[in-house]
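Encoded as structure tokens, the structure appears first; notes follow it.
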């Protein structure tokens with residue numbers, strides 16, 4: 001993972017939007033499915049025009065989505081952050097396999113479902129001594145946008161991460177007929193409304209429907225309420 005530039009960051013405002021600085025590209029990232037409807041790949045859309053700094057809606061009610069228009073003040077949005085501030089590996093449970101391990105911090109799940117095809121990654125990890133399964137396992141785990149899942153190489157004792165550009169994705173999920181979270185990619189620093197710096201990670205998903213019970217992170221609530229962004 002290449003560190004983001006010193007000016008790149010996302011600051012969470014109290015009961016307000018995400019404040020993005022550092023000329024971070026913003027584009028739609030759509031979940032592409034296989035013939036059986038399983039999450040298979042990411043389909044990148046064209047970048048949205050943005051200034052060097054911009055504000056992204058966090059309450060889910062802006063009429064200018066994905067950007068903030070001040071609606072959070074009118075509706076009295078409660079954006080209280082309730083997520084754990086412990087490092088990822090402290091939160092995660094680890095499944096052991098012959099050549100790989102799977103770390104899983106369930107509370108970070110954003111319901112993108114890349115873990116499900118081909119027998120699920122929790123079963124695949126036990127067969128990672130087979131080259132084909134190992135490749136499939138690493139790909140599926142790496143497609144998890146929230147970073148709930150991480151693949152670890154037992155030979156090097158290092159996490160195997162996809163190379164992601166410093167950017168923000170607007171996740172769209174046509175299979176579930178809803179819009180998903182904001183996908184922070186490439187190690188973008190995330191700062192709490194009280195100044196706390198969350199652990200910098202390659203993959204993070206932030207709630208943009210306003211309904212997550214694990215704010216600021218997505219917990220999949222967008223699927224239950226069929227949240228829709230005007231970009232979908």
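Yes/no per residue for (1) over 30 Å from residue 133 (Cβ atoms); (2) assigned to a loop (DSSP other than H, G, I, E, B); (3) at pLDDT below 95:
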residue: 11; (1), (2), (3): yes, no, no
residue: 20; (1), (2), (3): yes, no, no
residue: 28; (1), (2), (3): yes, no, no
residue: 36; (1), (2), (3): no, yes, yes
residue: 46; (1), (2), (3): yes, no, yes
residue: 74; (1), (2), (3): yes, no, no
residue: 90; (1), (2), (3): no, no, no
residue: 98; (1), (2), (3): no, yes, no
residue: 102; (1), (2), (3): no, no, no
Residue 90 vs. criteria without any contact (Cβ under 8 Å) to a residue 12 or more places away in the chain and within 19 Å of the chain's Cα centre (by Cα): yes
Selected residue (only one of 162, 181 is in contact (Cβ under 8 Å) with a residue 40 or more places away in the chain and farther than 25 Å from residue 68 by Cα): 162
Restrict the check to the range 74-87 and report whether at least one residue is under 26 Å from residue 144 (Cβ atoms) and without any contact (Cβ under 8 Å) to a residue 40 or more places away in the chain. yes
Which listed residue is surrounded by fewer than 22 Cβ atoms within 10 Å (Cβ to Cβ), touching a residue at least 40 places away in the same chain (Cβ under 8 Å) and over 15 Å from residue 183 (Cα atoms), from 116, 129: 116
Taking the range 49-60 and keeping residues free of Cβ contacts under 8 Å to residues at least 60 places away in the same chain and part of a loop (DSSP other than H, G, I, E, B) leaves 49, 50, 51, 52, 53
Going through the range 211-231 one residue at a time, which ones are crowded, with 21+ Cβ neighbours inside 10 Å and either modelled with pLDDT under 95 or at positive phi (or both)? 220
With 99, 95, 63 as the choices, which residue is over 21 Å from residue 164 (Cα atoms), free of Cβ contacts under 8 Å to residues at least 24 places away in the same chain, surrounded by fewer than 20 Cβ atoms within 10 Å (Cβ to Cβ) and touching a helix residue (DSSP H, G or I) at 6+ places or on another chain (Cβ under 8 Å)? 63
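The values are calculated or read from the model by the stated rules, or taken from the named source; none is laboratory data. Keep in mind the model is a prediction, meaning the values are calculated, not measured. Virtual Cβ from ideal backbone geometry, glycine too; neighbours counted across all protein chains shown.
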